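Accompanying notes for the structure given below.
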Amino acid sequence: MTQSQAVIEAIRQLGGIAPLANIYNVALSIPDCEWSTKTPFASIRRIVRHTKGIYVVRKGLYALESHRRQFEANGIVELTPANESSDTVRQFTHSYFQGLLLQVGNLRNLSTFAPQQDKNKQFLTNQTIGELRSLDKIPQFTYPDLVKRSSTVDVIWFNQRGLPHSFFEIEHSTDIQNSLLKFCDLQDFHARMVIVADKRRENEFVQKYHATAFEELFKEQRVAFLSYDDLDKQYEYFVANSERQFIL
């Protein structure tokens, strides 16, 4: 079996669509394929970008052309400049990066939660957001009104003591200010707060973060910006190292 055939078979085994990190793991385990190179990941990156029958859904996510119509019917469409602001792309982008954040939290042995209203949203082909989160209900970690407020945060990681470790809000096209207001209400918790968005929105984030209303958040540097590209890379790192017994 050629390397290209192994990569196509890996994507097929993963449901016809998969992040690059998952393709690495499966492709390298396909029998009867030799990877006589010191940089197999680089070879796989080249293959997914230049092999007939594989297309780029969005950076870091690849699918088989034979499954394209099926995916498009389910709202998983190839990202283009013409459709990036559409409701279909917005909804898919939101659930996709929600899923990545939940999986990274799980790989870090943290408990993970996403809002009840998102639990039936599809992550790629064979899992829902509800199936990816490790908690069916949000822990009652503080006063009821604050628990209710936090239950709308896109993704929360909880530590072993049932307290918030990190709050994540995914902002594809909605107003970043709304997430900052939510973080204001939750700022008394010793937890990281992160806006996840396209790199092009970082300047918008900085401008709104400097507003007087968020002075306390800014002064303490409570909120970080994480681009989609950086999240993809971190997901790749945690998947690649998930079976190692010790990570420096």
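The values are calculated or read from the model by the stated rules, or taken from the named source; none is laboratory data. Source: prediction; values computed, not measured. Cβ placement follows ideal geometry from the backbone for every residue including glycine, while neighbour counts extend to all protein chains displayed. With ligands, DNA and RNA removed, areas are computed over all heavy atoms of the protein, side chains included. Shrake-Rupley method; radii C 1.70, N 1.55, O 1.52, S 1.80 Å.
Can you work out the FRET efficiency for the pair THR51 and ASP188, with r the C-beta to C-beta distance and R0 = 51 Å, to the nearest 0.05?
Once rounded, the FRET efficiency stands at 0.50.
Which of the three applies to the range 1-117, rounded, prolate or oblate, going by the alpha-carbon gyration tensor with a ≥ b ≥ c and a/c under 1.5 meaning rounded? Oblate, because a/c is 1.5 or more while a/b does not exceed b/c. Straight-distance candidates among the aspartates and glutamates for linking to LYS121, with alpha-carbon spacing under 13 Å and chain neighbours fewer than 8 residues away dropped: GLU131, ASP154.
Among ALA18, ALA82, ALA63, determine the one that fluctuates most according to a GNM of the chain built with springs between C-alpha atoms less than 10 Å apart. Highest fluctuation among the options: ALA82. Listed by chain and number, the aspartates and glutamates whose alpha-carbon sits under 17 Å from that of LYS199, ignoring those within fewer than 8 places in the same chain, are GLU84, GLU169, GLU171, ASP175, ASP229, ASP230, ASP232.
Pull out a ≥ b ≥ c, the square roots of the eigenvalues of the alpha-carbon gyration tensor of the range 141-248, then state rounded if a/c is under 1.5, prolate if not and a/b is larger than b/c, and oblate in the remaining case.
Numbers: a/c = 2.02, a/b = 1.22, b/c = 1.66.
Judged from the Cα gyration tensor, the range 141-248 comes out oblate (a/c at least 1.5, b/c at or above a/b).
Is the C-alpha gyration tensor of the range 94-163 telling us rounded, prolate or oblate? Criteria: a/c under 1.5 is rounded; beyond that, a/b larger than b/c is prolate, otherwise oblate. Taking the square roots of the gyration eigenvalues as a ≥ b ≥ c, the range 94-163 is oblate.
For the range 67-203, what does the accessible surface come to per residue with a 1.4 Å probe? Please give it in Å². Walk me through the intermediate numbers first.
Values: 6850 Å² over 137 residues.
About 50 Å² of surface per residue is accessible.
Extension gain for the segment GLN70 to LYS119, taken as residue separation times 0.36 nm less the Cα-Cα distance, is 15.5 nm to one decimal.
Taking each residue as 0.36 nm, the span from ASN178 to LEU135 lengthens on full extension beyond its C-alpha to C-alpha distance by 13.0 nm.
Using the average count of surrounding beta-carbon atoms within 10 Å as a protection proxy, the listed peptides 165-173, 209-217, 110-118 rank, highest first, as 165-173, 110-118, 209-217.
Near the amide H of SER166, within less than 5 Å, lie the amide hydrogens of TRP157, ARG192, all on another chain or at least 5 residues away, with H placed in the peptide plane.
Quick one: net charge around ILE30, please, counting Lys, Arg +1 and Asp, Glu -1 for every other residue with C-beta under 13 Å from its C-beta. Here the count lands on -2.
Summing charges over neighbours of GLN91, with a neighbour being any other residue whose Cβ is under 14 Å away from its Cβ, gives -3 when K and R count +1 and D and E count -1. Applying the Karplus relation 6.51 cos²θ - 1.76 cosθ + 1.60 with θ = phi - 60° to the range 29-36 yields 3J(HN,Hα) values of 9, 5, x, 6, 10, 8, 10, 7 Hz, where x marks Gly and Pro. Cross-link pairs exceeding 30 Å in C-alpha to C-alpha distance, out of LYS38/LYS119; LYS59/LYS119; LYS148/LYS233, comprise LYS38/LYS119; LYS148/LYS233.
A Förster radius of 41 Å, combined with the Cβ-Cβ distance separating ASN25 from ALA213, puts the computed FRET efficiency at roughly 0.40.
Centre-to-centre separation between the Cα atoms of the range 129-172 and those of the range 84-110: 15 Å.
In the distance distribution for the chain, Cα-Cα pairs more than 22 Å apart total 58 percent. Note on ASN203 and THR128: the model spin-label points, each 7 Å out from Cα along the C-beta direction, lie 4.1 nm apart.
Taking amide hydrogens as placed 1.01 Å from N in the peptide plane, the amide H of PHE123 sits under 5 Å from those of THR128, ILE129, each at least 5 positions away in sequence or on another chain.
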